Amino acid sequence: MGENWRSKLSVFVGASALALSAVTATPALADDAPVSPQEVQMPADVKIVEGGATDPGAAVLFPADQDDQAGPAGPVETPVQGGQVEAVGAAKAAPSSSTCLGSTAAYGVSGCFQHNGDIVWAGDTKKDGMSAAVGVYTDYGRAEEVCVNKLGAGTWATCDKDYREGGDVRLRVLRYDGDTGKFYQPETWSGWIPVDGKY
């Protein structure tokens, strides 16, 4: 009888240890920020393009605000060092979901491709000292370029490009540290997006 009790106890202890190891080995959720940034190696010849503030006349709500309000978002009167109130207001404009394709997001960054005008949108969604970066790859061999939003958290920047109409582009969103010139995970890739917008 004592031997039977010991074997049941050892099975119970083994099962408990297995359950504990499964709980502690579970990876972090995709929305969680990494404990420390993981550097991403980029090609040495990658072209970094600083995005500009968007046109306030074409403003729509920042995606995080769309559930709370309706109608276009006007310029936000936020004082900025150097008195650049208008630039911040313009940067609050966000891409229209009807014209911007391949919406892709990772921690702190959101991006998409506007097929009418070949505009890359880079949105910075976290105040963490890093910039949003949207890499653009083509299916016809054009060198990779990265659109970087250095306008600050809660803003969108655009990079106006010209891609081959018969080609496709693919977006890669990640974080960028302007002080070191390095890129960081987490990162996410879009699917292939037709430059002319016709799937």
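Derivation of every value follows stated rules applied to the coordinates shown; laboratory data play no part. All of these numbers come straight from a predicted model, not from anything done at the bench. Glycine gets a Cβ as well: all are built from the backbone with ideal geometry, and neighbour counts include every protein chain shown.
Points worth noting:
- Global geometry of segment 109-149, whether rounded, prolate or oblate, following the gyration tensor of its Cα atoms and the 1.5 cut on a/c: oblate
- Potential lengthening between Asp196 and Thr180 on full extension [0.36 nm per residue; Cα-Cα distance subtracted]: 2.2 nm
- Mean Cβ count within 10 Å, highest first, over the residues of peptides 149-160, 116-127: 149-160, 116-127
- FRET efficiency, Gln41 to Glu165 (Cβ-Cβ, R0 25 Å, nearest 0.05): 0.20
- Subtracting the Cα-Cα distance of Ser98 and Trp189 from 0.36 nm times their residue separation leaves 30.8 nm of extension gain.
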